[in-house]
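Peer 1: Dropping a structure here in structure tokens format, bear with me for questions.
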Amino acid sequence: MSATTVPTLAATPAQSPLQPPVPSAVLSVPAAAPVDAAAHYAGRLAFEADVSDVRADLLAGVPGVVVVDSRSDAAWAQGHIPGAVHIPTARIAELAPRLIGPSVTVVTYCWGPGCNGATRAALAFARLGYPVKEMIGGFEYWVREGFAFDTAQGTEQRQTDDLTAPRSGISCAC
């Protein structure tokens, strides 16, 4: 099958009247109407960015985007995204107006998917009137995807985790 061929799936055959219906965990709640699904997923993309997209914008020098690490001083020293601004969540109200222009889009990150620090930081920026997105995956997925990061000792980079990105360094093209 070529990359441009789209497979079609046949409808599930009707159950035999002698067989009990097979329960579906997926279909126990029906899928949303396509128009509702489109609105939902467009909404998610308005609130979130992934690490690969953030990295691409940083490398390209896209204007109007600033990445903010909302973790502690110790976490920042352990490792952070090159070019990020460090503003711990508790200090956003105090420091953001001095460090970040009001018309840029702020992208917040924290440790990773098990931490809601980036969400709390995004909320703080939104309450100050900034356009804001949360970087899903956080610093954990930045490192796991094999991207370079800065530490108190210099720049480091780890091998790509092939459960998060192709080892070849080539984008997943999703």
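The values are calculated or read from the model by the stated rules, or taken from the named source; none is laboratory data. All values derive from a computational prediction rather than experimental measurement. So basically every Cβ, Gly included, is an ideal-geometry build from the backbone, and we count neighbours across all protein chains shown. Side chains included, ligands, DNA and RNA excluded: accessible areas come from the protein's heavy atoms. Shrake-Rupley method; radii C 1.70, N 1.55, O 1.52, S 1.80 Å.
Peer 1: Pick out, from 119, 97, 56, the residue whose Cα sits farthest towards the positive end of the charge dipole of the chain, with +1 on the Cβ of Lys and Arg and -1 on the Cβ of Asp and Glu.
Peer 2: 97
Peer 1: Right, another one. Roughly how many percent of the accessible protein surface of region 37-154 is carbon and sulfur, given a 1.4 Å probe and a whole-percent answer?
Peer 2: Its accessible area is 58 percent carbon and sulfur atoms.
Peer 1: Considering only DSSP beta bridges with both partners in the chain, what is the antiparallel share in %, to the nearest 5?
Peer 2: The answer is about 25 percent antiparallel.
Peer 1: Under a GNM of the chain (C-alpha, springs under 10 Å), which listed residue has the highest mean-square fluctuation: 18, 123, 95?
Peer 2: Result for the chain, Cα springs under 10 Å: 18 fluctuates most.
Peer 1: Ok, one more. For the chain, return all DSSP H helices satisfying: extent of Cα atoms along own axis at least 18 Å; mean Kyte-Doolittle hydropathy at least -1.0.
Peer 2: 34-47
Peer 1: Taking N as the number of residues in region 103-160, what is its Cα Rg relative to 2.2 N^0.38 Å?
Peer 2: In units of the 2.2 N^0.38 Å rule of thumb, it is 1.26.
Peer 1: Once amide H atoms are built 1.01 Å from N in the peptide plane, which residues 5 or more positions from residue 108, or in another chain, come under 5 Å H to H?
Peer 2: 68, 133, 134, 135
Peer 1: Could you calculate, for region 44-101, the ratio of the Cα radius of gyration to the Kirkwood radius, expressed as Rg to Rh?
Peer 2: 0.97
Peer 1: Let me ask another. Per 0.36 nm of contour for each residue apart, how much would the distance between residue 25 and residue 127 grow if the chain were fully extended, relative to their Cα-Cα spacing?
Peer 2: So the extension gain works out to 32.9 nm.
Peer 1: Then there's this: Would you work out the charge dipole size for the chain about its Cα centre, treating the Cβ of every Lys and Arg as +1 and the Cβ of every Asp and Glu as -1, and quote it to the nearest 20 debye?
Peer 2: 240 debye
Peer 1: Please work out which option in [x] 1.05; [y] 1.00; [z] 1.11 gives Rg/Rh (Cα atoms, Kirkwood Rh) calculated from these coordinates, and answer with its label.
Peer 2: Entry [z].
Peer 1: Report the relative contact order of the chain, percent, no decimals, based on alpha-carbon pairs under 8 angstrom and at least 6 residues apart.
Peer 2: Once divided by the residue count of the chain, the mean separation gives 19 percent.
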